[in-house]
Amino acid sequence: MSAQSFGGRHELGQNFLADPAVIAAVCTAAGRTTGPLVELAAGDGALTIPLSRTGRPLTAVELDPRRARRLDRRTGEHVKVVHGDLLRHRLPDVPHTVVGNLPFHLTTATLRRLFRQPHWELAVLLVQWEVARRRAGIGGASQMTAAWWPWFEFAVPARVPAHAFRPRPAVDGGILVLTRRPEPLVEDRAEYQEFVREVFTGRGRGLGGILPRTGRLSVRAARTWLARQRLSPRALPRDLTAGQWASLWELAR
């Protein structure tokens, strides 16, 4: 690919993949499933072209009309290149896999939208390293992760150095893999997510103090649950696992 191809428009947040090993890793991760593929922020086709070689139906969404036209000329009939906004593109109504090298500044908005879409089974996304780490609960989970953990598994199989992109961003990236659980760990999504918000924003020195202030558990019940989970009363919401959130909600609901 020519150097000119990497001349990303910064207002679109474009940092194109240029490392064959990373490209192969993303394509391999997407290969865990069958059926249609949807690629978000296709750019110049660093992922589109190798994904198209699988023969699976592929829709590539790209905001830059010039790049979309150029990519359309390079792909076969089973690839549909769409000039459109990744935050507005309508995803298929059948099981599918989402792939994308996301503009870093759109990562959170993209995830929020994906979490509410019902039909995708797997998402393999290149995002900013710090976001990937937090979403997967490495070093502590974020409120967003805790809110959606009962419905999705999060994994980070690889850190992607900044030099793997052109233009080179100021920070590293990471491959974030989201897998929809066959069966959710909890029901009543709205109520559960409100509980997660209450816990993350609650006052107190650790969960031993925070949980009783939600009005859902007594001090004794909170401390008993923490002891059974082998957690200190000073443990924080970010320290809980997906299974522990599900267990806590079962007790608090």
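Since every read-out is calculated from the coordinates, none of them should be taken as a lab result. Bear in mind the structure is a predicted one, so any value in this text is a computation, not a measurement. Positions of Cβ are backbone-derived with ideal geometry, glycine not excepted, and every protein chain shown enters the neighbour counts.
Close amide H partners of Phe152, meaning residues 5 or more places away or on another chain with modelled amide H under 5 Å apart, are Arg181. Once both axes come from the Cα atoms, what is the angle between helix 219-228 and the longest principal axis of the chain, in degrees from 0 to 90, rounded to 10? It is inclined by approximately 60 degrees. Protection proxy ranking, highest mean first, for peptides 73-84, 90-101: 90-101, 73-84, where packing is the per-residue count of other beta-carbon atoms within 10 Å, averaged. Among Glu187, Glu62, Glu39, the largest mean-square fluctuation in a Gaussian network model of the chain (Cα springs under 10 Å) belongs to Glu187. For the chain, the longest principal axis of the C-alpha atoms and the axis of helix 242-252 are separated by about 40°.
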